[in-house]
Amino acid sequence: MYKIGVLVSGGGTNLQAIIDAIENGKIKNGEIATVVSNKADAYALKRAQNHQIEGVCISPKDFNTKEEFTDSLINHFEERKVELIVLAGYLLVLDKKFVKHFENRIMNIHPSLIPSFCGDGYYGLKVHQAALDRGVKITGATVHFVDEGTDTGPIILQKAVNVKAEDTPQTLQKRVMEEAEWEIYPKAIRLFCEDKLIVKDNKVIILSD
């Protein structure tokens, strides 16, 4: 059974999708060992509590240096023998030391089809506003491993979502979550927990599913 750690900052809708996938058996070989937020009032911690999952706040404000904060995060996950770390709306940039320590074991989901509308400054509603401003007909979501860049890690799964003429950033965000994010994020985690993901030359090979 793979132990999963989740990093959150806000409401935790993707966290809930992962919890649901574990509870309904879509993810059979993984369990969430801990949920960590940089904000004590994040609703995601309440979601964890509602499902008897450990939820803790580890904030950089409580440490003298960024290095001490990073070491505390690493130690927290290591003590719980976490093998996969999942970013579910985590708004802090992970230190390179953390990324290197858990190389190819940190997943993120981005609300566009990478390499479109990604990188520095593209997060939340800004991504969907940029897609609408550009007039694209198709957007979607991408699950990728985290590397030292911003949205540059190996791509695991993608799913397209049609853009409607009447869309606003809010309606598009909601549909990308419902039609893409909440489907492919649990699937990517399941594939990891079933040892079906291999990273080679910055590309992900998915073994027969």
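Taken together, the values in this text are just the output of simple stated rules run on the coordinates, not laboratory data. All values derive from a computational prediction rather than experimental measurement. Every residue, glycine among them, receives a Cβ derived from its backbone with ideal geometry; neighbour counts consider all protein chains shown.
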Check: Given the C-alpha centroids of segment 66-99 and segment 1-49, what is the distance between them in whole angstrom?
Finding: 15
Notebook entry, point to check: Using Cα-only point scatterers and the Debye equation, what is log10 of I(q)/I(0) for the chain at each q in 0.11, 0.14, 0.16 Å⁻¹, rounded to two decimals?
Noted result: -0.50, -0.82, -1.08
Notebook entry, point to check: Taking a threshold of 22 Å on the Cα-Cα distance, which of the pairs Lys126/Lys187; Lys174/Lys200; Lys137/Lys159; Lys28/Lys81; Lys28/Lys100; Lys3/Lys100 fall above it?
Noted result: Lys126/Lys187; Lys174/Lys200; Lys28/Lys100
Check: Summing -39500 (n - 2.57) over the DSSP H runs of n ≥ 4 in the chain and dividing by its residue number, what mean residue ellipticity at 222 nm do you reach, to the nearest 500 deg cm²/dmol?
Finding: -9500 deg cm²/dmol
Margin query: Assuming 0.36 nm per residue, please report the length gained on full extension of the stretch Lys164 to Asn202 beyond their Cα-Cα distance.
Written below: 10.4 nm
Check: Once you put a point 7 Å from the Cα of Glu31 and another 7 Å from the Cα of Asp120, both along the Cβ direction, what distance in nm separates them?
Finding: 4.3
Item checked: Cα-Cα separations in segment 108-209 greater than 23 Å, expressed as whole percent -> 26
Margin query: With only alpha-carbon pairs counted, each pair once and no self-pairs, how large is the Kirkwood hydrodynamic radius of segment 1-102 in angstroms?
Written below: 13.7
Note to self: Could you work out how much longer the chain between Leu92 and Lys61 gets when fully extended? Use 0.36 nm per residue separation minus the Cα distance between them, nm to one decimal.
What the structure shows: 10.0 nm
